[in-house]
Amino acid sequence: MRKDLHAKPFDEGTLKKLEIFELYTREWLPTFLMSGYETICIFDFFAGTGYDKAHKPGSPIRILTEIKKQIGNIFKSKTKLYLIFNEFDKEKYALLKESCDNYVNSDPELLRAHSMQLLNYKVVNKDFAELFQKEITKIKQYPSLVFLDQNGVKFISDEYFLPLVNSHCTDFLYFVSSSYIKRFGNTEEFKHSISIDLKQLENKPTTWIHRNILDELRKRIPKGNKTRLYPFSIKKGCNVYGIIFGASHPRAVDKFLSTAWKENTINGEANFDIDDDKNNGHPDLFGYVKLTKIMQFQAKLRKKILSKELISNKDVYKYTLEHGHIPAHAVDELKKMKKDGLINFGKSPLINYLQVYQKKNIINYTINADN
């Protein structure tokens with residue numbers, strides 16, 4: 001039986017999950033509102049009731065709150081927002097519709113945007129499979145943010161995962177529970193959705209389970225497809241929930257990683273110390289230093305630059321994102337390399353989206369002859 005996530009107030013883990021989605025929505029909205037698109041879309045396919053029992057906002061209200069903050073940009077750009085909030089349970093659907101309608105109707109600016117058809121939102125009571133097939137055309141046609149907050153893994157099967165991966169401008173966030181995987185991993189329904197070797201997981205920490213799911217999902221991305229997947233794990237008691245983020249555009253990846261690393265400056269991958277990094281980075285009694293995640297990345301980056309595998313700011317920027325790090329980690333290492341006399345560049349290594357993709361200001365780093 002599916003657990004009712006709305007039968008009691010949101011716990012700490014659920015609130016963290018909602019906070020991450022809210023923060024990413026905050027990054028996503030202004031980017032596409034001011035990029036010249038006629039229409040952008042947000043789909044919350046498992047929206048819940050709007051609020052929990054303690055009246056803390058769920059994802060639909062958080063989305064509307066972020067839209068309210070961008071109302072000036074909406075009127076300025078004339079970009080149309082198309083929103084779908086779906087809840088299959090009829091009683092919860094009624095509460096969801098009431099919550100969303102009350103929120104919009106209580107704000108004059110949102111009402112004005114709605115009357116001008118700049119804010120088009122629908123609260124629906126549909127089966128996800130049916131609704132997804134209906135809305136996938138819009139997802140493929142317009143820049144879209146897709147939120148799949150569901151129990152289990154049924155909806156990461158290829159019939160849903162691949163259309164999202166193959167959409168040219170779609171960011172999506174899945175939520176998966178590790179306890180569900182351990183309980184149902186050997187069932188036919190689970191195996192139809194995703195193949196996980198449970199025996200292989202027995203000797204690994206439960207906290208790593210979403211990394212393994214990610215590895216399986218990455219194998220299913222078609223060759224040549226630019227979509228990249230990134231995890232963020234949330235510990236809740238003895239259970240772990242995983243956010244799986246997917247996007248093909250480097251700017252979207254940059255913004256998600258920025259959100260994730262703000263949540264945890266140690267690893268950018270969980271709301272806890274998933275690799276015990278707090279004990280790394282310092283010499284032990286024998287002088288051995290076990291590197292932190294950031295230190296490991298910077299050591300590999302230094303090696304690739306010195307071997308001339310990465311020669312430009314564009315190379316380094318792409319490498320940084322692909323390995324789940326933010327540009328600041330690469331910038332710090334290149335500045336150290338310059339200070340150590342290993343490489344030369346101008347005032348800045350120019351490792352950011354603005355310089356690489358918008359201004360197309362590509363520079364090659366000079367390796368000093370002695371190295």
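The values are calculated or read from the model by the stated rules, or taken from the named source; none is laboratory data. What you see is a predicted model; the values in this text were computed from it and never measured. All Cβ positions, even for glycine, are placed from backbone atoms using ideal geometry, and neighbour counts span all protein chains on display.
Within the span defined as the range 123-131, one or more residues are part of a helix (DSSP H, G or I), acidic (Asp, Glu) and at pLDDT 90 or above. Note on the range 333-357: among residues that are under 27 Å from Ser35 (Cα atoms) and of a type in the set (A, V, I, L, M, F, W, C), the one that is surrounded by the most Cβ atoms within 10 Å (Cβ to Cβ) is Ile351. The helices (runs of 4 or more DSSP H) found entirely in the range 23-108 that carry 1 or more residues being of a type in the set (A, V, I, L, M) and loosely packed, with under 15 Cβ neighbours inside 10 Å are 90-105.
For Asn267, the conditions (1) in contact (Cβ under 8 Å) with a residue 40 or more places away in the chain; (2) polar (S, T, N, Q); (3) closer than 26 Å to Val165 by Cα all hold with the exception of (1). Assess whether Ala94 counts as being aliphatic (A, V, I, L, M) and modelled with pLDDT under 95. Answer is no for this residue.
Residues checked against (1) within 17 Å of Ser248 (Cβ to Cβ); (2) at pLDDT 75 or above:
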site	(1), (2)
Ile136	yes, yes
Val146	yes, yes
Asn151	no, no
Glu159	no, yes
Tyr174	yes, yes
Arg183	no, no
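Of the helices (runs of 4 or more DSSP H) lying entirely inside the range 190-308, those containing at least 1 residues that are surrounded by 16 or more Cβ atoms within 10 Å (Cβ to Cβ) and modelled with pLDDT under 75 span 198-201, 209-219. Determine which member of the set Glu87, Glu27, Glu91 is under 19 Å from the mean Cα position of the chain (by Cα) and assigned by TED's automatic domain parsing to the domain that holds Asn264. Answer to the check: Glu27.
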